[in-house]
1. Can you tell me which residues in the stretch 253-289 are farther than 25 Å from Asp199 by Cα and either open to solvent by less than 20 Å² (accessible area, probe 1.4 Å) or in contact with a His (Cβ under 7 Å, 6 or more places away or on another chain) (or both)?
2. Within the stretch 290-304, track down each residue that is in contact with a strand residue (DSSP E or B) (Cβ under 9 Å, 6 or more places away or on another chain) and either surrounded by fewer than 18 Cβ atoms within 10 Å (Cβ to Cβ) or without any contact (Cβ under 8 Å) to a residue 12 or more places away in the chain (or both).
3. Are any residues in the stretch 11-27 part of a helix (DSSP H, G or I), open to solvent by 20 Å² or more (accessible area, probe 1.4 Å) and more than 23 Å from Leu65 (Cα to Cα), and if so, which ones?
4. Any residue in the stretch 116-137 that's without any contact (Cβ under 8 Å) to a residue 24 or more places away in the chain and open to solvent by 100 Å² or more (accessible area, probe 1.4 Å): show its pairings with residues that are outside any helix (DSSP H, G or I) and among the hydrophobic types (A, V, I, L, M, F, W, C) at Cβ separation under 9 Å, as long as the two are six or more apart or on different chains.
5. If I go through the stretch 243-289 residue by residue, how many of them are of a type in the set (Val, Ile, Thr), free of Cβ contacts under 8 Å to residues at least 40 places away in the same chain and over 12 Å from Phe228 (Cα atoms)?
6. Of the residues Ile237, Ile220, Ile230, Ile282, which is of a type in the set (A, V, I, L, M, F, W, C), closer than 18 Å to Gly157 by Cα and in contact with a Lys or Arg (Cβ under 9 Å, 6 or more places away or on another chain)?
7. Counting only residues that are under 14 Å from Leu113 (Cα atoms), open to solvent by less than 40 Å² (accessible area, probe 1.4 Å) and part of a strand (DSSP E or B), how many does the stretch 141-161 have?
8. So, of the residues in the stretch 28-59 that are loosely packed, with under 15 Cβ neighbours inside 10 Å and in a loop (DSSP other than H, G, I, E, B), which turns out to be farthest from the chain's Cα centre (by Cα)?
Amino acid sequence: MKKVMITPQSFIQNKTLMSEALNLFKQMNFEVFSCDCKSKSIEYYVDKIKPEIIIVGLEKVNKKLLIYNPQIEYISKYGVGLDNIDQDELKNHNVRLGWSPGLNKRSVSELTLSFALGHFRNVFNSVNLMKNGVWKKNGGRLLSEMKIGIVGLGNIGLDFAKLLQPFGCEVIYNDLEKKAENFLNITYYEYNDLLAYCDIISFHVPSTNLTKNMYSKKEIEYTKKDAFIINTSRGDIIDFTEVIKAVESKKLSGFASDVFSQEPFDASLWKDQMNILLTPHIGGNAEEAILAMGRSALEHIRLHYLSMGDL
């Protein structure tokens, strides 16, 4: 009997998904294990369970894990980013990968939009003041008047650009490929030019050797004064410490991040600073996105073993 290990907590905590998973794997005669990789490492559980199949979220699947676990046959990705999975090592160890891009793009792009609207329309600060007994009318600025820069025009960046269309704002983008120039009436700028021009800069790139720390002290110097920085991609692409310093020194008007180099992340130091907006990696976790990602992960496994004649 093959063993399936499920690690993403939002998958495990979703009753609908877990019910569908248990029903599917019962039909396949597979044994299911759900594991909390927040409390113990993925290596701990894999060593203990010895699964052939793993549904992973952000846990690292690397050479070390695969060398010591030759029984692993299949990795099914819950989510869209693959930077935590060493695909070359999967090939070296003959491990198949199931993955579908773009499943949570609307979930992430809506969070990005809410950061932008909430910050510039002074929503977050007004809510906080009201709860502390302060009536202060400050409606902020219209998003429609903004110049918005999107760094990385993949599935999520492009979806964010689509969401911005009804606002009529000027949308600028930078991408390694100039693949969408003149599409959706958005304009390509070189990276440093985008930083200098835009009121809002939103990052939507994967974590790679090219993108790690791509926004740090040097880039802040290029950035338009009072710009608002949003990161809903990966924590290590932005120098968190330098950006916080820039906000506190009023070089930047604010910073919103849903992702961090180390998670969970303690944000209590900034609990009273309404221009520093930190959320616990909820971008891709709208209920609809959770179901879409989970069902995709299950379907990849079903189709793979069906094709292998194991069903």
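The values are calculated or read from the model by the stated rules, or taken from the named source; none is laboratory data. Every value quoted in this text rests on a predicted model; they were computed, and no experiment measured them. Glycine also receives a Cβ, built like all others from the backbone with ideal geometry; neighbour counts cover every protein chain displayed. Side chains are part of the model used for accessible areas, which takes the heavy atoms of the whole protein and leaves out ligands, DNA and RNA. Shrake-Rupley method; radii C 1.70, N 1.55, O 1.52, S 1.80 Å.
1. The answer is Glu263, Ala289.
2. Filtering the stretch 290-304 down to residues in contact with a strand residue (DSSP E or B) (Cβ under 9 Å, 6 or more places away or on another chain) leaves 293-294, 296-301, 303-304.
Within the stretch 290-304, Glu299, Leu303 qualify.
3. Initial filter on the stretch 11-27 (part of a helix (DSSP H, G or I)): 11-12, 15-27.
When the remaining residues are screened for being open to solvent by 20 Å² or more (accessible area, probe 1.4 Å), the result is 12, 15-16, 18-20, 22-24, 26-27.
Scanning the stretch 11-27 gives Lys15, Thr16, Met18, Ser19, Glu20, Leu22, Asn23, Leu24, Lys26, Gln27.
4. Arg121/Leu142
5. Looking only at the stretch 243-289, we keep the residues that are of a type in the set (Val, Ile, Thr), and these are 243-244, 247, 259, 276, 279, 282.
Filter once more, keeping what is free of Cβ contacts under 8 Å to residues at least 40 places away in the same chain: 243-244, 247, 259, 276.
Filter once more, keeping what is over 12 Å from Phe228 (Cα atoms): 259.
Going through the stretch 243-289 one residue at a time, the tally reaches 1.
6. Step by step, each of Ile237, Ile220, Ile230, Ile282 is checked, and only Ile237 is of a type in the set (A, V, I, L, M, F, W, C), closer than 18 Å to Gly157 by Cα and in contact with a Lys or Arg (Cβ under 9 Å, 6 or more places away or on another chain).
7. Quick first cut of the stretch 141-161, residues under 14 Å from Leu113 (Cα atoms) only: 142-144, 146-150, 156-161.
Filter once more, so that each one left must be open to solvent by less than 40 Å² (accessible area, probe 1.4 Å): 143, 146, 148-150, 156-157, 159-161.
With part of a strand (DSSP E or B) added as a condition, the list becomes 148-150.
Result for the stretch 141-161: 3.
8. Within the stretch 28-59, the match that is farthest from the chain's Cα centre (by Cα) is Asn29.
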